[in-house]
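Step one of this worksheet: look at the structure below.
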Amino acid sequence: MTTNTRTRIARLRTIGLTGLATTGAAAAALTLMPANAQAAEATQAHVSTAVTASGHSHTAAQKSGSGNNLDGWIKQSLQIMKAKGIPGSYEGLKRNIMRESGGNPTAQNNWDVNAKAGTPSKGLLQVIDPTFNAYHVTGTAHSVTDPVANITAAANYAAHRYGSIDNVNSAY
């Protein structure tokens, strides 16, 4: 087992215990806990991956600054959020995305309480289907795994519950 894997497992345990103690019913509404290590580290085959000292993986495409990659998805979501009056910043979105999915839009949590109930958390911000449906933002795809739709719905949920995604620093 690598140091990176041990660190991620320890972090999952800590977040899981903290989440159980502090989030209560909020965890049933939306899980923003890290997906399993395999999902968080999965990348597209044609994109090279680098792992930072903090254990987060970044693809070369994510750093390119536009288009069909993490930077582009965040920027597209911010445009929609601005038009719809949903608060949030690039930094707040990216911080939460990296914690929840490592930037992997196909990440899926198959181990937490939601998954055990048959509703796994999905996508960049680990949104469950009922939360996505309740907070879906018109003008985005109606798919929880669409990166822009996932980001925007999660930011909409966070705005209603916490005032902004910027106020979220752990599972909620």
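Laid out as a table, the results:
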quantity: Point-to-point label distance, Gln79-Glu91, nm (Cα→Cβ direction, 7 Å offset); calculated: 2.4
quantity: Heavy atoms of Ser143: accessible area, 1.4 Å probe, square angstrom to 10; calculated: 40
quantity: Theoretical gain in end-to-end length, Ala117 to Asn133 [0.36 nm per residue, Cα-Cα removed]; calculated: 4.0 nm
quantity: Net charge of neighbours whose Cβ lies under 12 Å from the Cβ of Val137, counting Lys and Arg as +1 and Asp and Glu as -1; calculated: +1
quantity: Chain lengthening between His142 and Thr106 when straightened (0.36 nm per residue, less Cα-Cα); calculated: 11.4 nm
quantity: Accessible surface, 1.4 Å probe, highest first, among residues Lys122, Lys82; calculated: Lys82, Lys122
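The values are calculated or read from the model by the stated rules, or taken from the named source; none is laboratory data. Everything numeric here is computed off the predicted structure, so don't read it as measured data. Because the Cβ atoms are built from the backbone with ideal geometry, glycine has one as well, and the counts that use them run over all protein chains shown. Areas reflect the complete protein model, heavy atoms only, side chains present, ligands, DNA and RNA absent. Shrake-Rupley method; radii C 1.70, N 1.55, O 1.52, S 1.80 Å.
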